[in-house]
1. For the chain, just give the cysteines left without a disulfide-compatible partner, judged by no other Cys Cβ under 4.7 Å.
2. In the chain, what percentage of the DSSP-assigned beta bridges are antiparallel, given to the nearest 5?
3. With all pairs of different alpha carbon atoms counted, what Kirkwood hydrodynamic radius in Å does the chain show?
4. List every DSSP H helix in the chain whose Cα atoms extend 18 Å or more along the helix's own long axis and whose mean Kyte-Doolittle hydropathy is at least -0.5.
5. Counting only C-alpha contacts under 8 Å and six or more residues apart, can you give the relative contact order of region 106-194 as a whole percent?
6. What whole-number distance in Å separates the alpha-carbon centres of region 225-256 and region 27-45?
7. List every residue whose amide H lies under 5 Å from the amide H of F43, counting only residues 5 or more places away in sequence or on a different chain, with H placed 1.01 Å from N in the peptide plane.
8. What fraction of the DSSP beta bridges in region 138-250 is antiparallel, stated in percent and rounded to the nearest 5?
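The values are calculated or read from the model by the stated rules, or taken from the named source; none is laboratory data. All values reported here derive from a predicted model rather than from experimental measurement. Methodologically, a virtual Cβ is constructed for each residue, glycine included, from the backbone with ideal geometry; neighbour enumeration extends over all protein chains shown. The accessibility values were calculated without ligands, DNA or RNA, using every heavy atom of the protein model including side chains. Shrake-Rupley method; radii C 1.70, N 1.55, O 1.52, S 1.80 Å.
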Amino acid sequence: MINSYASFDDAEVAIAGARAGADVVRNMYGQRLMRIDKSAGDFATAADVEAEKTILGVIRAARPDDAVLGEEGGQQGAADAVRQWLVDPLCGTLNYAVGNMLVAVNVALRDGAAAVADPFSGEVFFTDGEASWVRHAGVDARLAPTPATRLVDVNLDPPFPSAPGFRAVDLLAHCEFVERFRPRVVSTTLALAWVAAGKRAAYVTDGGDLSRSVRFAAGIALCRAAGCVVTGIDGAPIGEAGRGLVVAADGETHGLLMSMIRSRS
């Protein structure tokens, strides 16, 4: 089974890694898990660590020469390698630790293929870098973003590097936001996959350069390939000088959100 990974293309490697990690997350759900403290109230669980080990096993079998940056294990291989995988084995650890199933497993090849697995729905959202699909029960369907739901996920978790000029929570008090959209807070980057899939109209978060973040890279890749509008909170392309993230299903929704953000800045 492991030897067969070598014949996979990059999208299939991303899918296999995300699904393997999702299996671990699902199987360990509900157990009393050891917590590993990080900083500022952040922590990992034994499920985070075990899922990352499993994902890395897939990547090593399929692409032994590639570098990997993992949320838990850090950098393995050269940081400036041409091919580097970004792995977040359990995005939504606090949700998971309190018995909430809203979590994601993220695997992305920098500037290439990516996959986001939902361990509990069985869905795997993925891209080859050109288009995006969701795989469920062995069937692939093309992702089609739409603002029809009017649901906008707003990440309220720290850090808030753009405060006080911009605070995501301020959007919730904006009169036009309340008229046009309905806020949601799921505290996992699974919400980015939902924008690409048409389950959310948009997603907003503060932050620095998130383009190479293990938490955000896979979701950003999905959304870009699906045709979403992806910028920083200042409306500029995300990158080394980027600030946070605004991802919208279409240009009109993105424009509305940007006008609200600028009016609060």
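1. When partners are defined as cysteine Cβ atoms under 4.7 Å apart, the chain leaves C91, C175 without one.
2. 75 percent
3. 18.4 Å
4. 10-28, 46-62, 251-264
5. Here the relative contact order equals 20 percent.
6. 32 Å
7. K38
8. 55 percent
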